[in-house]
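Reading through the structure tokens given below for one structure.
The values are calculated or read from the model by the stated rules, or taken from the named source; none is laboratory data. All values derive from a computational prediction rather than experimental measurement. Note that each Cβ is placed from the backbone with ideal geometry, even for glycine, and that neighbours are counted across all protein chains shown. Quick note on the areas: whole protein, heavy atoms, side chains included, nothing else; ligands and nucleic acids left out. Shrake-Rupley method; radii C 1.70, N 1.55, O 1.52, S 1.80 Å.
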Amino acid sequence: MSFEPQAPIITPEQAIDVMKKAMDYNPDLVYDASPNKYGNFDVKIRSQSLMNQGGSGTAGIWEVTPDGSHAEKSTIIR
């Protein structure tokens, strides 16, 4: 089994790509990303169908690190 290192995640677009893949490219989901003070990216995921019903549509906020790992923000303890 070979291991191919992943290029570092250095842009919001790359962080969004990580989360799109993690969410199985669900076409209902909309992504917004911004850098945070820890050198990672916060990615807000919203459901288009929930937004169409008048809600915020927020499905979760995830943190993506430069190595591509990710976790929901509510589960991250600092």
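Could you check how many residues of the stretch 22-40 are part of a loop (DSSP other than H, G, I, E, B) and open to solvent by 60 Å² or more (accessible area, probe 1.4 Å)? Of the residues in the stretch 22-40, 6 are part of a loop (DSSP other than H, G, I, E, B) and open to solvent by 60 Å² or more (accessible area, probe 1.4 Å). The single condition from (1) free of Cβ contacts under 8 Å to residues at least 40 places away in the same chain; (2) on the phi < 0 side of the Ramachandran plot that ILE9 fails is (1).
Confirm whether GLY60 is modelled with pLDDT under 95 and open to solvent by 40 Å² or more (accessible area, probe 1.4 Å).
Numbers: modelled with pLDDT under 95: yes; open to solvent by 40 Å² or more (accessible area, probe 1.4 Å): no.
No: the conditions fail for GLY60.
In the stretch 41-66, the residue that is nearest to ILE9 (Cα to Cα) out of those that are within 13 Å of the chain's Cα centre (by Cα) and assigned to a loop (DSSP other than H, G, I, E, B) is PRO66.
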